[in-house]
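Working notes, structure below.
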Amino acid sequence: MVLYWYKLARNLSLDIVLGSCVGALFVAHYLSVDLLWAPLCCLAICIWLIYTVDHLLDAHKTKHSASSERHLFHQQYFKQLVLICLLLAGVGAWISRYLVDLTFFMGLILTILVLVYFWFLKLFEYKLSYHKEIFAAFLYGSGIFLGPVSLSSQPLSFDVAVLYFQFLLIALINLLIFSMFERDMDERDQHISLVRTLGKAATNRLIGVLIMVGGVISLLMLFHYYQDSKIFNAQVILGTMLLTLTLIFSRENYFGLKERYRILGDAVFFYPLLLIT
């Protein structure tokens, strides 16, 4: 029974949604702001809609039974999920009335970017979808930071900008690693991705470079801000997230079994709970 509910939550991307909320609370804690229920709910709805609509588009495009369990689930419950998307979009619009002006304005810009992106995917029949790992990482990181940054009275500092870039980097590495593990399924279902566009070898090199960049940034921040406990502790968490993804990337044979890569890869976004509990 527990396994059933876990798989259902994963098929519905609820683990990703919860991870984004943890990230937002982590950033709010870092900036010393109170993240109220409205921006948190809007973030959860927005992230869920982005991932679910993306999966629905892929499921609709695939004319045979999808190879991945998640896309197969979206094929089987396509109409029900479309209805839920419409209902949640309405709920999100209603909740947005409770956002402060700056949060609402920044959220509106991000929403427009999402709509434009999906419109381009439809207009060009997925010819641009190899960008979706990059764009998804940008949306994920931006969504996490949007609420806390818009509520902060302090000017944007260098360490916060670096923190934002690190979140984008970790999200992108996570998505690329997942795509590497799922490349055969994407090939069978003709789902275009950056991995299929670049090829396995080039993608491996790209992931390696991104990991090295992330590692160097974390080490530099740790050495430079070792006396600032707030920044130091945050960098320890981000460094541990990066190390976990590096482990998954380096042990493909082990983590490829039973979707272990996805279980641990999604779990890294819950690491910030160690600082906010």
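The values are calculated or read from the model by the stated rules, or taken from the named source; none is laboratory data. Note that the structure is predicted; figures quoted are calculated from it, not measured. Here the Cβ positions follow ideal geometry from the backbone for every residue, glycine too, while neighbour counts run over all protein chains shown.
Within region 163-206, being under 19 Å from Gln235 (Cβ atoms) and buried (at least 18 other Cβ atoms within 10 Å of the Cβ) holds for Leu163, Gln166, Phe167, Leu168, Leu169, Ile170, Ala171, Leu172, Ile173, Asn174.
Please find, within region 207-243, the residue that is surrounded by the most Cβ atoms within 10 Å (Cβ to Cβ) out of those that are hydroxyl-bearing (Ser, Thr, Tyr) and free of Cβ contacts under 8 Å to residues at least 40 places away in the same chain. Going through the qualifying residues, I end up with Thr240.
Yes or no, residue by residue, for (1) within 20 Å of the chain's Cα centre (by Cα); (2) at pLDDT 90 or above:
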{"residue": "Ile45", "(1), (2)": "yes, yes"}
{"residue": "His55", "(1), (2)": "yes, no"}
{"residue": "Lys79", "(1), (2)": "no, yes"}
{"residue": "Ala89", "(1), (2)": "yes, yes"}
{"residue": "Leu102", "(1), (2)": "no, no"}
{"residue": "Phe105", "(1), (2)": "no, no"}
{"residue": "Ile112", "(1), (2)": "yes, no"}
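Residues of region 223-277 that are outside any helix (DSSP H, G or I), over 28 Å from Val160 (Cβ atoms) and not basic (Lys, Arg): Gly256 alone.
Scanning region 187-201 for residues being touching a residue at least 12 places away in the same chain (Cβ under 8 Å) and within 20 Å of Arg70 (Cα to Cα) gives a total of 9. Looking at (1) of a type in the set (Gly, Ala, Ser); (2) within 19 Å of Phe105 (Cα to Cα); (3) in a helix (DSSP H, G or I), find the lone condition where Ser153 falls short. Ser153 satisfies all of (1) of a type in the set (Gly, Ala, Ser); (2) within 19 Å of Phe105 (Cα to Cα); (3) in a helix (DSSP H, G or I) except (3).
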